[in-house]
Structures are given as C-alpha cells and as structure tokens.
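Step one of this worksheet: look at the structure below.
The values are calculated or read from the model by the stated rules, or taken from the named source; none is laboratory data. Only a predicted model underlies this, so the values are computations on that prediction, with no experimental measurement involved. Please note: Cβ atoms are built from the backbone with ideal geometry, for glycine as well, and neighbour counts cover all protein chains shown.
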Amino acid sequence: MRQPTPDDGPGAAADAAPARPRYDWSALPHGARGAVSVAGLVMALSFTGFGAFAHAVEFPLPAALATIPLIWALPGQVVFVDLWQNGAAVAVIAIAVSLTAVRLLPMSVLVLSGARLPGARRLPEFVLAHFIALTLWVLSNTGLERIERRRRLPWLIGAALTLMVAMAGFTTAGYLIADRLPPVLAATMVFFTPAFFMLSLFAGARWRFDYAAIGLGAALGPAAALVAPEWDLLIAGLVGGTAAFLLLRPRRRGLIK
Amino acid sequence: MSQSWPIIAAMLVAGFAVTYVWRVLAVIAVGAADPESEVLLWVRAVATALVAALVMRILFHPTGMLADTHLWTRLAAMAAGIAVFFLARRSADIGLAAAIVLFVVLQTI
C-alpha cells in the first residue's frame, strides 16, 4: 500500500483525487470458464502424461502433486522429478530447474504488460506472476484483447487457479492408470510432453532467430550430453541461444508487440 | 506421504524459489524496463534453445515407459508433428495430433 507522494502530481493526495485504478475481481469466475479451452485440453493431456511419467520413475504421488502449485511449469517439474530420481544434488537440481524457468521471464513480461492495470496496486501482479507459464501465455494471447482492461488480471488468475486444480486431478489420474494402460498408450502419454513442448516452441516462434535457437538447442543438447551430461541443457541453451541471437536477431526496434 | 516430505522441503528451494524468482523479476521489469530490450531477446533465445535441448534429452534418453519404444519411432513422430505443423499453417494442435497418431501407429505395426 503506497501512500500518495508528490510525484503523483497536484491534487493526488487530496480525497478529491481521481480514484486509483482498481481491478474488477468479478472477472475471476469468468476466467475459470475461460480455462476450458483447447490449450487447457492439451495441458490436461500433458499433465496426465506427467503423472504417468512420475509413476514410471517411482516418484511419490504427493510430491508429484506438490510440483504443481510450487513450480507450475511442466519442463521444470519434469526436470525436478527426473534429477531427483537420479539422485542429483539439490544444488544441481536448483540450477537445472531455474534454467528451465528462465524462459518464464520474457513470457511473464509479455503477459503482465497485457494484463496489468497501470497505476493500480502492484501486489496482484506478484500473484499473477506465479501462475504464468506456457498455457496462460497462450490463453492471454488468444483471449485477452476482448476483455476489459481492469478485468484481465483477475480473469487470468481465475483461469490459472482452475487449471491448477484440474491438473492435480489429471496428474493423479495419469499416475493411477499408468499401470493399467496398455504399454502403447502409456508410452504415448509420456511422449505427449516433449511433443507438446516442441510444437509450442514452434508455435511461439516469431523471428528467424527463434527457429535458429530451436535448431541449435536441439542439435547441441545431445552433443553436450556426451561431453558433460549434467550440464547439457545449460550448454545447449547458452551456446545455441547466444549463437542464434548474435547471428539472426532482429535489428530494428518495435518488433515485440 | 512420509517419503514425500523431504522431497517437498527440497522442492521449496530447488523448485519453487528458483522458478518464482524469474516471475518476480518480470514483475519488476514490466514496471520499469523496456520490454523491447536486446537483453530480453537474448534471454528468449537462450530459453528457447534450452527447452529444445530438453525435448531432445527426453527423446534420446527417455525414462519409464517411453524407454521401451524405439528411438526412431520417437524421432520420426516428432519430425512428422513439426512437418504437419507447418503444412497446417502453423497449427500446433494439428501438429501435435499428427505426432501422436504416427507415434501410436509406428508402435502398433
């Protein structure tokens, strides 16, 4: 809660000042309905696959469910589960998970700039930020413009909370049915996750350097795994990404919507 | 449940904190910084390459039930999904469906 300061201009401190912009929280339940979407369906299949994956590597279900509210980004969740079961040190897991979360920074900046109400309290932005991941980014890209500005942030939080609860259900379902599934179907559920990641990368690519980053990361990852198995993602990300950026980055400004 | 508590405790640091820090940085950045800065484009490129590498790691070194499938099945299905994505005018949904269908078919035959 910030007190009015002289920076707010004349009259801002008086009670005659124009009311500070406020979010319209009645949009929360509308967001909950907005979560029922193609993006939500894809997410549900991915989380069913995540549940099956956790079961396959014998990661306990309660801990698998805890990754949902705590991490809330599937690549980070998969990396955490995978490295933990492989006995990696907590520091190594922290670095690896954090690296997969770096992409959330630009993604969150884009979602927030589309949803935030300039001049309003900033605390809700810190709440929304925790929910931002690939699916919410897709939802905000496709549905946000039709929503009144002061309803956008509550709408997204409503959608994210709904998705979070639903994904706990789908993860549990995937975990429990993993045994009973025919092997073909079980493998397919797990395959869903990398396929969804890869196609989401292509769907989100806008410039040549995005495609270059995908190609170089995909090529360097397996190569780096041969040399330094624990650091393959870091090496592929930094080397491949930096090379793509230096070679093909857009030269003119105003390219990011 | 008892075996989960140590994992969840570690997750607060090695999962939650290290993930949320990037989201908090975004809140700070969006209030102050220029979203068109070159630094963000570089971060975007690194993140993209990193996730692509993560996908390849899962395809090349899968765990669990996916490990019972052939490497070529996984790679062919992925490649088909990408090809169909472009043929279907950059539809991720159709590309994904194509990858899954081919993956099932290749395993069944």
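If I ask for residues that are crowded, with 19+ Cβ neighbours inside 10 Å and more than 7 Å from chain B (Cβ to nearest Cβ), which ones from the stretch A:201-218 would you list?
Of everything in the stretch A:201-218, those that are crowded, with 19+ Cβ neighbours inside 10 Å and more than 7 Å from chain B (Cβ to nearest Cβ) turn out to be A:Gly204, A:Ala212.
Given the criterion touching a Ser or Thr at 6+ places or on another chain (Cβ under 6 Å) and of a type in the set (Phe, Trp, Tyr), identify the matching residue among A:Phe196, A:Phe209, A:Phe202.
Details: A:Phe209 fails: touching a Ser or Thr at 6+ places or on another chain (Cβ under 6 Å); A:Phe202 fails: touching a Ser or Thr at 6+ places or on another chain (Cβ under 6 Å).
Only one candidate passes the filter, namely A:Phe196.
Mind listing whichever residues of the stretch A:11-70 are more than 22 Å from B:Leu59 (Cβ to Cβ), at pLDDT below 90, assigned to a loop (DSSP other than H, G, I, E, B) and within 14 Å of chain B (Cβ to nearest Cβ)?
A:Ser37
Tell me which residues, restricted to the stretch A:70-127, are buried (at least 24 other Cβ atoms within 10 Å of the Cβ) and among the polar types (S, T, N, Q).
A:Gln77, A:Thr100, A:Ser108, listed by residue number.
Of all the residues that make up the stretch A:158-193, how many are out of contact with any helix residue (DSSP H, G or I) (no Cβ under 7 Å at 6 or more places or on another chain), modelled with pLDDT under 85 and of a type in the set (Val, Ile, Thr)?
0
Is there a residue in the stretch A:124-136 that is in contact with a Lys or Arg (Cβ under 9 Å, 6 or more places away or on another chain), part of a helix (DSSP H, G or I), within 9 Å of chain B (Cβ to nearest Cβ) and under 24 Å from A:Ala195 (Cα atoms)?
The answer is yes; a qualifying residue exists.
Could you check how many residues of the stretch B:59-74 are surrounded by fewer than 19 Cβ atoms within 10 Å (Cβ to Cβ) and either within 15 Å of the chain's Cα centre (by Cα) or among the charged types (D, E, K, R) (or both)?
Residues in the stretch B:59-74 being surrounded by fewer than 19 Cβ atoms within 10 Å (Cβ to Cβ) and either within 15 Å of the chain's Cα centre (by Cα) or among the charged types (D, E, K, R) (or both): 3 in total.
What residue, of A:Met198, A:Met189, is more than 7 Å from every other protein chain (Cβ to nearest Cβ), touching a Gly at 6+ places or on another chain (Cβ under 8 Å) and among the aliphatic types (A, V, I, L, M)?
The match here is A:Met189.
Given the structure, is A:Asp232 at the interface with chain B (Cβ under 7 Å from one of its Cβ atoms), closer than 24 Å to A:Leu110 by Cβ and among the charged types (D, E, K, R)?
No.
In the stretch A:51-106, which residues are in contact with a Gly (Cβ under 6 Å, 6 or more places away or on another chain), among the aliphatic types (A, V, I, L, M) and in contact (Cβ under 8 Å) with a residue 40 or more places away in the chain?
A:Ala52, A:Ala56, listed by residue number.
Tell me, which helices (runs of 4 or more DSSP H) lie completely within chain B with 2 or more residues that are more than 7 Å from chain A (Cβ to nearest Cβ) and of a type in the set (A, V, I, L, M)?
In chain B, B:18-32, B:71-87, B:92-108 are the helices (runs of 4 or more DSSP H) which contain 2 or more residues that are more than 7 Å from chain A (Cβ to nearest Cβ) and of a type in the set (A, V, I, L, M).
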